[in-house]
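S.K.: Before we start, here is the structure in question, set down as structure tokens.
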Amino acid sequence: IVREQAFTVLNRLAALRMAEARGLLVESVGNGFQAKGFQLYARLAGTGLGETGDAYRVYLFSVFDELAQDLPGLFDRYSPQGRLFPREAALLQVLTLINDADIAPLWSEDETIGWIYQYFNSKEERKAMRDASQAPRNSRELAVRNQFFTPRYVVEFLVDNTLGRLWFNATGGATGLRDRCQYLLVKPDETPQAATKLRDPRTLKLL
């Protein structure tokens, strides 16, 4: 249970840091207690929220609650997997790691949250589970064994050669997708027979 709670907290803090990097959220995790958003919040609240660590926790909770209106699956503080929160010392350690200058560029990358998802559980733990039993023995083992992130290029390859291929064939190759879908597999001289009547591409479905 504690591990699941820790995973939720890490995902929330990482999501905030990524939102900051995109200019979608005032600095709240970056720079920790010196974050611009928290500094403004602390000035307005005065001493009413207690010491700095306590005030920062309340500030983060207020940010979570605001974002939970649109993203309850991640930020709802009252969900079973998000009821616990780290103590100040542990939180500061996490913030120090998140704000390490060496990984600063990663917060602007779309795939960062996906790699956190995959590597939160170690390879050693996954291997130990598989060595102990061929099949998952509980819901947690099922999640850990299958917790793999699909990189963007794999997703693009699949989409380009399914939806992209359907549209390419339907238009007889007379489409800008030939240039836009970098992973679309097309032979140099390939010119498929165009459909008599083009469908609205929004109606295309795949299993």
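S.K.: Is at least one residue of region 21-42 part of a helix (DSSP H, G or I) and within 16 Å of the chain's Cα centre (by Cα)?
M.R.: Taking region 21-42 as the starting set, the residues that turn out to be part of a helix (DSSP H, G or I) are 21, 32-34, 36-42.
If we keep only those that are within 16 Å of the chain's Cα centre (by Cα) too, we end up with 21.
Checked against the condition, which is being part of a helix (DSSP H, G or I) and within 16 Å of the chain's Cα centre (by Cα), region 21-42 yields at least one hit.
S.K.: Val155 fails exactly one of the following numbered conditions: (1) surrounded by 10 or more Cβ atoms within 10 Å (Cβ to Cβ); (2) in contact (Cβ under 8 Å) with a residue 12 or more places away in the chain. What is the number of that condition?
M.R.: (2)
S.K.: Turning to a different aspect of this structure: Please determine, by comparing only the residues of region 2-20 that are of a type in the set (Lys, Arg) and surrounded by 15 or more Cβ atoms within 10 Å (Cβ to Cβ), which one is farthest from the chain's Cα centre (by Cα).
M.R.: We begin by selecting, within region 2-20, every residue of a type in the set (Lys, Arg); these are 3, 12, 17.
Now drop any that are not surrounded by 15 or more Cβ atoms within 10 Å (Cβ to Cβ), which leaves 12, 17.
Values: Arg12: 9, Arg17: 11 Å.
The extreme case among them is Arg17.
S.K.: Filter region 98-148 for residues that are closer than 20 Å to Gln5 by Cα, in a loop (DSSP other than H, G, I, E, B) and either among the β-branched types (Val, Ile, Thr) or without any contact (Cβ under 8 Å) to a residue 60 or more places away in the chain (or both) and give the result.
M.R.: Asn121, Ser122, Asn138, Asn146, Gln147, Phe148, listed by residue number.
S.K.: When the residues of region 21-44 are narrowed to those that are closer than 17 Å to Leu92 by Cα and of a type in the set (A, V, I, L, M), which ends up surrounded by the most Cβ atoms within 10 Å (Cβ to Cβ)?
M.R.: Residue satisfying both the conditions and the ranking: Val29.
Throughout, read-outs are computed from the coordinates displayed, never taken from laboratory work. None of the values given here were measured: they were computed from a predicted structure. For neighbour counting, all protein chains shown are included, and Cβ atoms are generated from backbone atoms with ideal geometry for every residue, glycine included.
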